[in-house]
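**Q** Encoded as structure tokens, here's the structure I'll be asking about.
The values are calculated or read from the model by the stated rules, or taken from the named source; none is laboratory data. Just so it is clear, the model here is predicted, and its values are computed rather than measured. Every residue, glycine as well, gets a Cβ built from its backbone with ideal geometry; the counts of neighbours run over all protein chains shown.
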Amino acid sequence: MDGSPFQNPEEKLTLSALYAPADHRYFSRLERHLSALQSLVKLRSPEDFRFLPPSLGSWSWLSSHIEDADVLVLLVSPDLLASQAYEAAIPRAIERARQGEMRLIPILVRSTALEETPLAALQMLPRAGRPLSQQMDRDESFHEIVREIHRVCEELGRQRRAPQSSPNESRPRRLTESSSSRINYRLDEVFKRAGLPTVTFVPPPNFERLKLALIEPGRGVVIEGPSGIGKTTAVREAINELGEWELGSEQQQAIKLLSARAPADREQLRTLPEWHHGVVIIDDFHRLEPSLRQELIDYLKLLADTQPEDRKLVIIGIPGTGQSFISAIAFDTATRFDHFKMGRVSDREILQLIEQGEQALNVTFESKDDIIRLVDGSFVLAQFICYLLCSYSKVIQTQPFPVAIRSRLTEAIQDMMGTLEMKFGQAIRHFAAAGGPYDQTSLYLLEELSQNREGVLWLSLLRQEEPGRAEDLKRFLNLSWPQLRTSHPEVQDHLFCDPSVGVLLAEDPTLIFYLRHCRFDLLAREVGKRPVPSRQRVFICYTREDREWLERLRTHLAPIERQGTFDVWDDTLISAGSRWEEKLEDAIARAGVAVVLVSAKLLASDFIMTRQLPKLLDRARLAGTLIIPIVVSPCLFEESELHGFEPANDPRKPLALLSKPAQQLALTDIARRITAAVTAQSE
């Protein structure tokens, strides 16, 4: 920690400390560690740090510690909070820190009840939250504390050296190393719920290549990616960073952003070749009607052929946008425009956004890992969640001293859902009701969309994955969606569907968040959907050790499933990040036939025997679900709760004991029996 910002010893920062006499040993140890900062700070003499007995104490003595300090360290303990000195000193210390006149660093040395005290909102050191008295490795904890004090002192040193606009101006803590003259920020400037972020902008990995593409004359630029990842922000920020020197003053002034959502902008795009000069950015390109999209593809091809230096076209759209250009133009032309694919952002990038916000507001989020998991790669959601958490801690602007932002994610989710219900609720109910009470396709699409990380469903892929739904999906595209557009056009504000290419898109990442926290069973009842006939679902219950038998059984059932006779479901179909138990319970509730792969491992599984099998037995008793055991390996089948159901094979001849050819014959026969059972259920 060498390298002092001060050449003159008189310029050193004054560091004072307040602590109770009972905590002197902690201060003595801290003082030894602080010796590494002698080039940055001057410590008051050790005797000055000690509290005088109450009878000898005076306000003037305490005041000198507080008023002269650039940095005030508090060693927090029950004794400190119980002292008269605390009552006299802390309110003034907090006020000075709030006004930016000094930095306040609280250190928790012993377990202390801080609720209902002014210190409760402050970020304590060590950051793990455990007091020094409970730390196993106290040296490491003191190193962490000294590193934080060093960081604060260096920051204050840079401010002291910076020129002041007036002699009387205070020295507030500088928040960023950018050229911005702003020092304090409002919460809505840091975590933006609408508009383009500035303070918390995180450049994508290919940001420098994007800047190069924007300044190269004549080359078109196509950027594709899901909503909420910062495509438009990246382009705008790249242009801002390039500035007049790289782009040229004339081109810098001729940048025009047009959105396919805006009717006036769409009209301008129809005549783009007639007036195009400078940089034109077309956002939400996929929302243009197919004929206009094709005209612009042709125009991009013309620009790629001629490469004019005074015109550049930037296209921003959903995944697949770039491929539509590449497939529409010649190979040699395809190399004359730059194609950028931007996927969901990484956890590291979300963390960078959070940390930039922490620095700007002088706060620390206690639940960064939980926030990262919740937002699932969406910058937009991260901005929303961080905004709400800060507001709960009453942080509405840059704090004069560090503040800990508590983990209140459950409350944040509830508040977000309340807001999003007003925004999306009615449109989603209209969409869910599409097709009438017996058509579950719209609900199925919403549920699939909720589990799609990019918010984009390619229905052609869904038809391949679930051939039994092919006709339903075709009917949705050709009939239900056109009717929905006509009767409830507001649905298109939130959901985009293009039957010509078979895509369904949630354009707002907060809509995906809303859908992920929806109860689809309640939504179905609310819009009048009738339950799906149970015969359409075959549920397979198995244990992980019998995964091979699951796969072999599914292979034999696949030809029948492809005919649309039934759907086969097992827990491998649950998407990552889904509410696992809820999905499992829903699948059991919808099953008309339940196949159980019985083995000693399954009968020994606490989860299956105490939580999954009882639900299946209840469905058999109450709803008529047919249970078909298949004995795959030697076990005590006759002693289990399943012995009352007729197995599909002879329990005395488990599949595992048969020869390979005999296993194939047995599985073929079992597949026929399951098909017959499904057929019988439907009659």
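**Q** More than 29 Å from the chain's Cα centre (by Cα), under 30 Å from ILE372 (Cα atoms) and charged (D, E, K, R): which single residue out of ARG552, ARG525, ARG485, ARG544 fits that description?
**A** Details: ARG552 fails: under 30 Å from ILE372 (Cα atoms); ARG525 fails: under 30 Å from ILE372 (Cα atoms); ARG485 fails: under 30 Å from ILE372 (Cα atoms).
After applying the criteria, what remains is ARG544.
**Q** To continue, here is another question. So, in the range 619-643, of the ones that are of a type outside the set (A, V, I, L, M, F, W, C), surrounded by 15 or more Cβ atoms within 10 Å (Cβ to Cβ) and more than 42 Å from the chain's Cα centre (by Cα), which residue ends up modelled with the highest pLDDT?
**A** Within the range 619-643, the subset of a type outside the set (A, V, I, L, M, F, W, C) is 619, 621, 624-625, 629, 633-634, 638-641, 643.
Restricting the remaining residues to those that are surrounded by 15 or more Cβ atoms within 10 Å (Cβ to Cβ) gives 619, 625, 629, 633, 640.
Filter again for more than 42 Å from the chain's Cα centre (by Cα), leaving 633, 640.
Working: SER633: 95, SER640: 92.
In this case the residue turns out to be SER633.
**Q** Looking only at the range 112-127, count every residue that is part of a loop (DSSP other than H, G, I, E, B), over 22 Å from TYR392 (Cβ atoms) and not β-branched (Val, Ile, Thr) and tell me the total. Reasoning before the result, please.
**A** Here is the first cut: in the range 112-127, the residues part of a loop (DSSP other than H, G, I, E, B) are 112-121, 123-124, 126-127.
Cutting the leftovers down to over 22 Å from TYR392 (Cβ atoms) gives us 112, 126.
Checking the rest, the ones that are also not β-branched (Val, Ile, Thr) come to 126.
Number of matching residues: 1.
**Q** Filter the range 413-459 down to residues that are out of contact with any Asp or Glu (no Cβ under 7 Å at 6 or more places or on another chain), farther than 25 Å from LEU573 by Cβ and not small (Gly, Ala, Ser), then give me how many there are.
**A** Qualifying residue count, the range 413-459: 14.
**Q** Which residues, taken from the range 363-389, are hydrophobic (A, V, I, L, M, F, W, C) and touching a strand residue (DSSP E or B) at 6+ places or on another chain (Cβ under 6 Å)?
**A** Residues satisfying the conditions are VAL363, PHE365, LEU389.
**Q** Does PHE424 satisfy being over 23 Å from GLN352 (Cβ atoms) and either acidic (Asp, Glu) or in a loop (DSSP other than H, G, I, E, B) (or both)?
**A** Numbers: over 23 Å from GLN352 (Cβ atoms): yes; either acidic (Asp, Glu) or in a loop (DSSP other than H, G, I, E, B) (or both): no.
So PHE424 fails the test.
**Q** Can you tell which of ARG103, ARG96 is surrounded by 14 or more Cβ atoms within 10 Å (Cβ to Cβ), in the same structural domain as ALA20 (by TED's automatic domain parsing), in contact (Cβ under 8 Å) with a residue 40 or more places away in the chain and basic (Lys, Arg)?
**A** Numbers: ARG96 fails: in contact (Cβ under 8 Å) with a residue 40 or more places away in the chain.
One residue alone meets the criteria, ARG103.
Residues checked against (1) within 30 Å of ASN184 (Cα to Cα); (2) acidic (Asp, Glu); (3) in contact with a helix residue (DSSP H, G or I) (Cβ under 6 Å, 6 or more places away or on another chain); (4) assigned by TED's automatic domain parsing to the domain that holds ILE94:
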site: VAL380; (1), (2), (3), (4): yes, no, yes, no
site: PHE384; (1), (2), (3), (4): yes, no, no, no
site: TYR392; (1), (2), (3), (4): yes, no, no, no
site: VAL403; (1), (2), (3), (4): yes, no, no, no
site: GLY436; (1), (2), (3), (4): no, no, no, no
site: ASP439; (1), (2), (3), (4): no, yes, no, no
site: LEU445; (1), (2), (3), (4): no, no, no, no
site: ASN452; (1), (2), (3), (4): no, no, no, no
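**Q** Against the definition (at pLDDT below 80 and not basic (Lys, Arg)), how does ILE574 come out, yes or no?
**A** Working: at pLDDT below 80: yes; not basic (Lys, Arg): yes.
The answer is yes for ILE574.
**Q** With GLN563, GLN464 as the choices, which residue is in the same structural domain as ALA666 (by TED's automatic domain parsing) and either among the aromatic types (Phe, Trp, Tyr) or within 30 Å of VAL596 (Cβ to Cβ) (or both)? Steps first, answer last, please.
**A** Working: GLN464 fails: in the same structural domain as ALA666 (by TED's automatic domain parsing).
None of the others qualify; the one that does is GLN563.
**Q** Filter the range 217-251 for residues that are out of contact with any Gly (no Cβ under 7 Å at 6 or more places or on another chain), modelled with pLDDT under 70 and in a helix (DSSP H, G or I) and give the result.
**A** Answer for the range 217-251, where residues must be out of contact with any Gly (no Cβ under 7 Å at 6 or more places or on another chain), modelled with pLDDT under 70 and in a helix (DSSP H, G or I): GLY243, GLU244, TRP245, GLU246, LEU247, SER249, GLU250.
**Q** Here's a check for you: in the range 580-618, which residue that is touching a residue at least 60 places away in the same chain (Cβ under 8 Å) and part of a loop (DSSP other than H, G, I, E, B) is farthest from the chain's Cα centre (by Cα)?
**A** Taking the candidates together, the pick is GLY592.
**Q** With the requirement that a residue be crowded, with 19+ Cβ neighbours inside 10 Å and of a type in the set (Gly, Ala, Ser), what does the range 457-513 give you?
**A** SER480, ALA506
**Q** Another question, then. State whether one or more residues within the range 267-279 are more than 15 Å from LEU313 (Cβ to Cβ), touching a residue at least 40 places away in the same chain (Cβ under 8 Å) and surrounded by fewer than 17 Cβ atoms within 10 Å (Cβ to Cβ). Steps first, please.
**A** First, pick out the residues of the range 267-279 that are more than 15 Å from LEU313 (Cβ to Cβ): 267.
With the extra rule that they be touching a residue at least 40 places away in the same chain (Cβ under 8 Å), the set shrinks to none.
There is no residue in the range 267-279 that is more than 15 Å from LEU313 (Cβ to Cβ), touching a residue at least 40 places away in the same chain (Cβ under 8 Å) and surrounded by fewer than 17 Cβ atoms within 10 Å (Cβ to Cβ).
**Q** Looking at the structure I just gave you, is ILE413 crowded, with 17+ Cβ neighbours inside 10 Å and either within 16 Å of the chain's Cα centre (by Cα) or modelled with pLDDT under 90 (or both)?
**A** Numbers: crowded, with 17+ Cβ neighbours inside 10 Å: no; either within 16 Å of the chain's Cα centre (by Cα) or modelled with pLDDT under 90 (or both): yes.
No; evaluated as a whole, the condition is false for this residue.
**Q** Let me ask something else about it. What do you reckon, is PHE607 crowded, with 17+ Cβ neighbours inside 10 Å and among the aromatic types (Phe, Trp, Tyr)?
**A** Working: crowded, with 17+ Cβ neighbours inside 10 Å: no; among the aromatic types (Phe, Trp, Tyr): yes.
It is false that PHE607 is crowded, with 17+ Cβ neighbours inside 10 Å and among the aromatic types (Phe, Trp, Tyr).
**Q** Could I ask something else about it? Among the residues of the range 135-155, write down those that are surrounded by fewer than 19 Cβ atoms within 10 Å (Cβ to Cβ), in contact with a helix residue (DSSP H, G or I) (Cβ under 7 Å, 6 or more places away or on another chain) and free of Cβ contacts under 8 Å to residues at least 40 places away in the same chain.
**A** The answer is GLN135, and nothing else.
**Q** Would you tally the residues in the range 492-508 being more than 19 Å from LYS423 (Cβ to Cβ) and of a type in the set (D, E, K, R)?
**A** Looking only at that region, the number is 1.
**Q** Let me ask you something else. Please go through the range 457-499 and pick out each residue that is of a type in the set (D, E, K, R) and in contact with a His (Cβ under 6 Å, 6 or more places away or on another chain). Please lay out each step first, then the result.
**A** The initial filter retains those residues of the range 457-499 that are of a type in the set (D, E, K, R), namely 463, 465-466, 469, 471-472, 474-475, 485, 490, 493, 498.
Selection gives nothing.
**Q** Could you please give the count of residues in the range 616-634 that are under 21 Å from LEU553 (Cβ atoms) and not aliphatic (A, V, I, L, M)?
**A** Of the residues in that region, 5 qualify.
**Q** If I go through the range 582-596 residue by residue, how many of them are crowded, with 24+ Cβ neighbours inside 10 Å and either at pLDDT 95 or above or farther than 27 Å from ARG652 by Cα (or both)? Explain how you work it out, then say what you get.
**A** Initially, the range 582-596 is screened for residues crowded, with 24+ Cβ neighbours inside 10 Å, giving 591, 594-596.
If we keep only those that are either at pLDDT 95 or above or farther than 27 Å from ARG652 by Cα (or both) too, we end up with 591, 595-596.
Going through the range 582-596 one residue at a time, the tally reaches 3.
**Q** For the range 373-383, state whether one or more residues are within 22 Å of THR510 (Cβ to Cβ), modelled with pLDDT under 90, in a helix (DSSP H, G or I) and among the charged types (D, E, K, R).
**A** Among the residues of the range 373-383, at least one is within 22 Å of THR510 (Cβ to Cβ), modelled with pLDDT under 90, in a helix (DSSP H, G or I) and among the charged types (D, E, K, R), which makes the answer yes.
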